[in-house]
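Peer 1: Pasting a structure below so you can have a look.
The values are calculated or read from the model by the stated rules, or taken from the named source; none is laboratory data. Computed from a predicted structure; not experimentally measured. Reconstructed Cβ throughout: ideal geometry from the backbone, glycine too, with neighbour counts over all protein chains shown. Side chains are part of the model used for accessible areas, which takes the heavy atoms of the whole protein and leaves out ligands, DNA and RNA. Shrake-Rupley method; radii C 1.70, N 1.55, O 1.52, S 1.80 Å.
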Amino acid sequence: MEDNSQNIKDKYKDKDNARLSQDFRDAVGTISKEGKRNYIFPQKPNGKLYHLRSYFSYVYLVLFFSLPFIKIEGEPMFLFNVLERKFIFFGQVFWPQDFFIFAIGLLTFLVFVILFTVAFGRLFCGWACPQTIFMEMVFRKIEYWIEGDHNQQRKLKAMAWNAEKIRKRLTKIIAFFLVSFLIANFFLGYIIGIDRVGLMIQEGIMIHFGVFSSLLIFTFIFFFVYYWFREQVCLIVCPYGRLQGVLLDRNSIVVAYDYIRGEPRGKLSEVKETKGDCINCSACVRVCPTGIDIRNGTQLECVNCTACIDACDAIMDHIDKPKGLIRYASENNITKKEQTKYTWRLKLYSGVLLLLLSFLAVLLITRDDVSARVLRTPGQMYQKLPDGRVSNLYNIKLANKTRKLIHLELKLENIEGEINLINHVNVPAESYYQTSFFIILKKDKIKKRKTEIKIGLYEDGERIETTKAMFLAPAL
Ligand code: SF4
Ligand code: SF4
């Protein structure tokens, strides 16, 4: 027993394991011991990375607010109309018939996310996630502007309701609501098209009550998320954050505290003599928008926002120590001083990604402009004509994925016979079209009771699609 406790003490003395000696929590940082919300008041970040992230966010915001207005041949460049099941990516229209491409696209994206995360951790969360961009770069900045930095915000919260508190809270609510309303307009613009949103504004709410209701619902959701829910989206809602535990390894680059260099931490006077570089100033903790201490290691809550890197670099500058006590690094960078490696795991994911990308490219290149589905009309068997020929009635469902009207001609490809169309096949642009037709075969051409028939769809004499159907005949 004595030996064992001595071993434990030795282990804690070991510099590599010094961080284990820190108190570690087993609950989410934003939930108090009583199970209540720990509201975070992060200090306003400042530093090179914060400024760089701000510039990135300006680009994203300009893109977000301008893309709905960019059109290709009169259609938006991007549209995610789930209601009408119409999707446009980079000007290309996709329909539910393209589900296979969509599924492969999603799979490719998933593998890309895995590969990216294994290599760079949650870089996306800090630098490109819309939640972080809107929260940290839009709403948080408005909040600092209205309520001041973290200490003033804390004071305001603790203060009894008076004129100042009412004015500031009201201003914040109005500002947050207006920005949420603006975002909701554009968000809806990505779903139904910005023209329809504009039409609603011109023609009035009552005519477009459904659209207006959706707009209000989105506005309240955004308002709720950015006013109150905030970092909880990343901690308890976002599935990507939860995946980190299984995706990261010792070679993944994350925002990390160099505990080899920093520990044992101590006050500035002690550091100069014998201890590590961390002066226990808590600057890195004060700026963290998810309320964690990065010195406890990689944690579920860390969105890699880099605020703690900036804060610690400023402190290191101040005490004449090299920057980078908190930096982008892997566990192996820190413990073994190893350079970032292209590991077998990364190679494997890269290989799978390459395969999927090639497959996706083939699918996109060979994607048909028209998709057709031919089915024998339900309840109909076959008809014997007076001249001895046999006919079958079919329904054809067509989807025109292009932006022009298509006139189609139907031809039998593998058997001699006749097609009698009930209507001309003129499929309007970006639409579905349905009609019926007869296939009539001479008796001597029918060899079996069930014959597979290939039907070619021709536009201007050029075959653009071939589809199959079954022809039924009386028993021979
Ligand atoms: S900011 Fe740097 S020095 Fe200060 S507590 Fe954090 S890691 Fe230590
Ligand atoms: S630990 Fe650092 S990088 Fe992670 S969320 Fe907090 S401040 Fe951002």
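Peer 1: When the stretch 136-164 is examined, which residues are found to be in contact with a helix residue (DSSP H, G or I) (Cβ under 6 Å, 6 or more places away or on another chain) and either surrounded by 16 or more Cβ atoms within 10 Å (Cβ to Cβ) or touching a residue at least 12 places away in the same chain (Cβ under 8 Å) (or both)?
Peer 2: Within the stretch 136-164, M137, F139, I142, I146, E147, Q153, L156 qualify.
Peer 1: Something else about it: Among the candidates A307, A314, A283, which residue alone is in contact with a Cys (Cβ under 8 Å, 6 or more places away or on another chain) and more than 9 Å from ligand 2 (Cβ to nearest atom)?
Peer 2: Exactly one residue qualifies, and that residue is A283.
Peer 1: Six or more apart or on different chains, Cβ under 9 Å: which pairs go from a residue in the stretch 89-106 that's more than 11 Å from L364 (Cα to Cα) to one that's part of a helix (DSSP H, G or I) and open to solvent by 70 Å² or more (accessible area, probe 1.4 Å)? Could you list them?
Peer 2: Here the result reads P96/F102, each pair linking the stretch 89-106 to a residue that is part of a helix (DSSP H, G or I) and open to solvent by 70 Å² or more (accessible area, probe 1.4 Å).
Peer 1: Just to verify a result, which residue in the stretch 317-328, among those that are hydrophobic (A, V, I, L, M, F, W, C) and crowded, with 18+ Cβ neighbours inside 10 Å, is nearest to ligand 2 (Cβ to nearest atom)?
Peer 2: Only one residue fits best here, namely I326.
Peer 1: Do any residues in the stretch 416-436 that are open to solvent by 60 Å² or more (accessible area, probe 1.4 Å) have Cβ atoms under 7 Å from those of residues that are in a loop (DSSP other than H, G, I, E, B), where the two are at least six apart or on different chains, and which pairs are they?
Peer 2: These pairs meet every condition: N426/L405.
Peer 1: Please state which one of L115, L123, L61 is more than 19 Å from S358 (Cβ to Cβ) and at pLDDT below 95.
Peer 2: Of L115, L123, L61, the one residue that is more than 19 Å from S358 (Cβ to Cβ) and at pLDDT below 95 is L123.
Peer 1: Let me ask another. Just for helices (runs of 4 or more DSSP H) wholly inside the stretch 231-297: which have at least 1 residues that are more than 15 Å from ligand 1 (Cβ to nearest atom) and farther than 30 Å from L115 by Cα?
Peer 2: Passing ranges, in order: 268-273.
Peer 1: Check whether at least one residue in the stretch 334-351 is within 16 Å of ligand 2 (Cβ to nearest atom), out of contact with any Phe, Trp or Tyr (no Cβ under 6 Å at 6 or more places or on another chain) and part of a helix (DSSP H, G or I), and report yes or no.
Peer 2: Yes, that holds for at least one residue.
Peer 1: Which residue out of K347, K397, K384, K401 is open to solvent by less than 50 Å² (accessible area, probe 1.4 Å), of a type in the set (D, E, K, R) and more than 30 Å from K48 (Cα to Cα)?
Peer 2: Just a single option satisfies the conditions, and that option is K401.
Peer 1: If you take the residues of the stretch 314-333 that are near ligand 1 (Cβ under 9 Å from one of its atoms) and not in a helix (DSSP H, G or I), which of them is nearest to L243 (Cα to Cα)?
Peer 2: I326
Peer 1: Another question, if that's okay. As an exercise: evaluate F181 against (1) under 30 Å from C281 (Cα atoms); (2) at pLDDT 90 or above and give the number of the one condition it does not meet.
Peer 2: (1)
Peer 1: Count, please, the residues in the stretch 180-230 that happen to be in a loop (DSSP other than H, G, I, E, B) and under 30 Å from P42 (Cβ atoms).
Peer 2: The number of residues fulfilling the criteria is 1.
Peer 1: Taking the condition of being open to solvent by 20 Å² or more (accessible area, probe 1.4 Å) and part of a loop (DSSP other than H, G, I, E, B), how many residues in the stretch 300-313 meet it?
Peer 2: The qualifying residues number 1.
Peer 1: Right, S431: modelled with pLDDT under 90 and hydroxyl-bearing (S, T, Y) or not?
Peer 2: Yes, satisfied.
Peer 1: Are any residues in the stretch 332-352 out of contact with any Ser or Thr (no Cβ under 8 Å at 6 or more places or on another chain) and in contact (Cβ under 8 Å) with a residue 60 or more places away in the chain, and if so, which ones?
Peer 2: N332, I334, T335, K341, T343, R345, L346, Y349, S350, V352
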